[in-house]
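Written below as structure tokens is the structure these notes are about.
The values are calculated or read from the model by the stated rules, or taken from the named source; none is laboratory data. Predicted model only: the values in this text are computed from it and were never measured. For neighbour counting, all protein chains shown are included, and Cβ atoms are generated from backbone atoms with ideal geometry for every residue, glycine included. Side chains included, ligands, DNA and RNA excluded: accessible areas come from the protein's heavy atoms. Shrake-Rupley method; radii C 1.70, N 1.55, O 1.52, S 1.80 Å.
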Amino acid sequence: MDSLSKKKIAEANELLSDAAKAMKTSLFKRKPDLDTAADAYSKAGTCFKTAKEFQNAIQAFQNAAQCYEQNNSYFSAAKQHEQVGIIANEMKSFSLVYDSFYKSAELMILGGTRDSAGILLERGASMLKSSDPESSLKLVKRAIQVAEVEDKNHQLVTMYENAVNLSLKINNYTEAVQLIDSSYELLEKIGTSEQIIRYILTVCLIHLSKDDWVSAKNYLEKMKQRFSLSCRADELLEIYDEKEDEKFKDLIKNYLSYAVDNEALKIANRIIKSKEWISSIQETKVTQSHTHNQTDQTSHMNEKKSQQADEEEFPDGLL
């Protein structure tokens, strides 16, 4: 342990002692001095954090948050939980990251600072995006609820997009479709046609990934009635229905690669790599080959019949 860490730990322990004194009551001191204790706990947490004594730092910040909350200082309490979340992320304690940022945001709302609550929820979601996408999705959905009250339309578009991608990432397709359907009214309001097309293609791909061409077709028809937009979703469904492997791959490369988000593109790639798709392609090839052979045989038979008819009509020597 270096000298700076030793110094900070010693400083933190002194501050904890000050906090303990502030929390004591006596005959002449009926109530604890919550402000003094909270300030001392918070400073101790910062010292422990600097010294990389993370468990002690978390405990100190949580004690500070409790004191601030008891004293109705919700903003300050929220900032302590935010610090816990940041440390927990460094420790890879992802459940604590979620709990801390969620608690921090709720305290911000309680204190009347909804904007700060939304920022905290998005920050926590960003930290958990790769490591714990399910918890990240929960934080984003809560951020959406907060933003909807404030009518922050442009922020909501981004939040919905993040939520949809997280749902696709964890293969929760039902959630993804529900989020997409919920966002259409917002997208109509602010005129984001590209995002609407992206979502229509995404839902079609979700249905096709389940080999449910009928649901994909029905959904597309419903969206065409609602929106006057031009996209290549009809082409996507036709290629899928006809099991045109090369055309599907070409569509992915030259259209879907920029028309949908990365998680939806993964669905398209999984479709063409799936056993069901490969099996369907092989069956289609066998059927086409059989049909081709039958056509050749029929053509050959017709040709032979025609030749026989000519021979009967014009016997040898009469031609």
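For Phe101, are the conditions met, namely being surrounded by fewer than 20 Cβ atoms within 10 Å (Cβ to Cβ), among the hydrophobic types (A, V, I, L, M, F, W, C), within 30 Å of Ala125 (Cα to Cα) and without any contact (Cβ under 8 Å) to a residue 60 or more places away in the chain?
no
For Glu122, are the conditions met, namely being over 13 Å from the mean Cα position of the chain (by Cα), over 27 Å from Asn269 (Cα atoms) and open to solvent by 60 Å² or more (accessible area, probe 1.4 Å)?
In short, no.
Return the residue satisfying two criteria in turn: it lies in segment 1-34 and is farther than 20 Å from Glu69 by Cβ and of a type in the set (A, V, I, L, M), and of such residues it is least open to solvent (accessible area, probe 1.4 Å).
Checked segment 1-34; the qualifying residue least open to solvent (accessible area, probe 1.4 Å) is Ala12.
Please find, among Gln62, Gln83, the residue that is without any contact (Cβ under 8 Å) to a residue 24 or more places away in the chain and under 22 Å from Leu121 (Cβ atoms).
Gln62
Yes or no, residue by residue, for (1) in contact with a Leu (Cβ under 7 Å, 6 or more places away or on another chain); (2) modelled with pLDDT of 95 or more; (3) open to solvent by 40 Å² or more (accessible area, probe 1.4 Å); (4) farther than 12 Å from Ala12 by Cα:
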| position | (1), (2), (3), (4) |
| --- | --- |
| Ala38 | no, yes, no, yes |
| Lys49 | no, yes, yes, no |
| Ala64 | no, yes, no, yes |
| Phe75 | no, yes, yes, yes |
| Glu82 | yes, yes, no, yes |
| Phe94 | yes, yes, yes, yes |
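Quick check on segment 198-256: of everything there that is under 14 Å from Tyr173 (Cβ atoms) and of a type in the set (Asp, Glu), which residue is modelled with the highest pLDDT?
It comes out as Asp212.
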